[in-house]
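Reviewing the structure listed below.
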Amino acid sequence: MNGFEIISQIIAVLLGITGIYFLISSLDNLLIEVLYFLWRVFYEPAFRKKHHLLTEANLAPENQQPIAIMVPLWRESNVVEGMLDYLITHVNYKNYVIFAGVYPNDTDTLKALEHEQQKYPSQIKIITLDHDGPTSKDDCLNSIVHAIHLNEAKTGTQFQAFVIHDAEDLVPKDGLLVFNHLIPHHDFVQLPVFPAPTAKGVT
């Protein structure tokens, strides 16, 4: 056996090992496809008969529970005003308060928040952290949660849902109605996030 044949056999063995590796690593994707197929064929028809679709028509009449919307911020002055304007003017819900957390050294974002608060004083509460940033989103959220508890003790209003919202995202028009409907029956609810076209592309 010459050198070329030996190299060819080595390459064949390596290709075989690689093929087996890719086959095994693809099994999880195949499992997802099989489960989805079984869902669509066997379970989805029964699910649709048992559960009604959530629509604005059947969600809107429900009693609106108080919801706290938590917005942790760091250098978001370029987007936070537009996000707040959109949320307050488009969301199909009334019983909520926005708690926006901002660092004292993030003066641009603080000014943007103060401008929005002048327009919507009852919907927006500014939570200025007691230390400079940046730290972490968890740290900012902890300060916001603490402020919400203080607000509950002061006003007597107990929020039934805490919603985390990023400054770059837009709340769906009926998103809070969905939370209002599901929270009494579930401890945690997450809405899907979809990309949306903007003037600068897709976000």
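In square nanometres, what is the average projected area of the Cα convex hull of the range 23-174? Orientation-averaged projected area of the Cα hull: 13.4 nm².
Ligands, DNA and RNA left out, the accessible area of the chain computed with a 1.4 Å probe is 61% carbon and sulfur.
Here the extension length gained between Ser26 and Ile6 equals 4.2 nm, from 0.36 nm per residue of separation less the Cα-Cα distance.
For the range 71-129, the Cα-based Rg and Dmax, in that order, read 10.8, 34 Å.
Simple rule: put +1 on each Lys or Arg Cβ and -1 on each Asp or Glu Cβ in the range 125-194, find the dipole, and look at Ile126, Ala161, Phe194; the Cα lying farthest toward the positive end is Ala161. Amide H contacts for Ala161 (H built 1.01 Å from N in the peptide plane; partners 5 or more residues away or on another chain; cut-off under 5 Å): Ala68.
Taking all protein chains into account, the per residue accessible area for the chain stands at 67 Å² (1.4 Å probe).
With a cut-off of 15 Å between beta carbons, the residues surrounding Asp132 carry a summed charge of -3, where Lys and Arg count +1 and Asp and Glu -1. A probe of 1.4 angstrom, applied to the heavy atoms of all protein chains, finds Phe42 with accessible area near 140 square angstrom. Counting only DSSP H runs of at least 4 residues, each contributing -39500 (n - 2.57), and dividing by the residue count of the chain, the helix-based mean residue ellipticity at 222 nm comes to -15000 deg cm²/dmol.
Listed peptides 100-108, 184-192, 144-152 appear in the order 100-108, 144-152, 184-192 once ranked by packing, highest mean of other Cβ atoms within 10 Å at the front. Peptides 154-164, 25-35, ordered by how many other C-beta atoms sit within 10 Å of their residues on average, highest first, read 154-164, 25-35. For the range 68-203, a simple Cβ point-charge model (Lys and Arg +1, Asp and Glu -1, everything else neutral) yields a dipole of about 380 debye relative to the Cα centre. Take every pair of alpha-carbon atoms less than 8 Å apart whose residues are at least six positions apart; their mean separation over the length of the range 34-190 yields a relative contact order of 32 percent.
Restricting the range 1-88 to trypsin sites (Lys or Arg not before Pro) that sit in a DSSP loop and have at most 16 other Cβ atoms within 10 Å of their own Cβ leaves Arg75.
If one computes the Cα centroid of the range 92-127 and of the range 134-158, what distance in Å separates the two points? The range 92-127 and the range 134-158 have Cα centres separated by 13 Å. Per-residue 3J(HN,Hα) values for the range 85-99, derived from phi via the Karplus relation 6.51 cos²θ - 1.76 cosθ + 1.60 with θ = phi - 60°, read 4, 5, 4, 6, 8, 10, 5, 8, 6, 10, 8, 8, 9, 9, 10 Hz in sequence order (x marks Gly and Pro). Taking the Cα atoms only, what angle lies between the long axis of helix 27-38 and the longest principal axis of the chain, rounded to 10 degrees? The two axes meet at around 60 degrees.
The values are calculated or read from the model by the stated rules, or taken from the named source; none is laboratory data. Note that the coordinates shown come from a computational prediction; the quantities given were computed from them, not determined experimentally. Neighbour counts run over all protein chains shown; Cβ positions are idealised from the backbone, glycine included. Quick note on the areas: whole protein, heavy atoms, side chains included, nothing else; ligands and nucleic acids left out. Shrake-Rupley method; radii C 1.70, N 1.55, O 1.52, S 1.80 Å.
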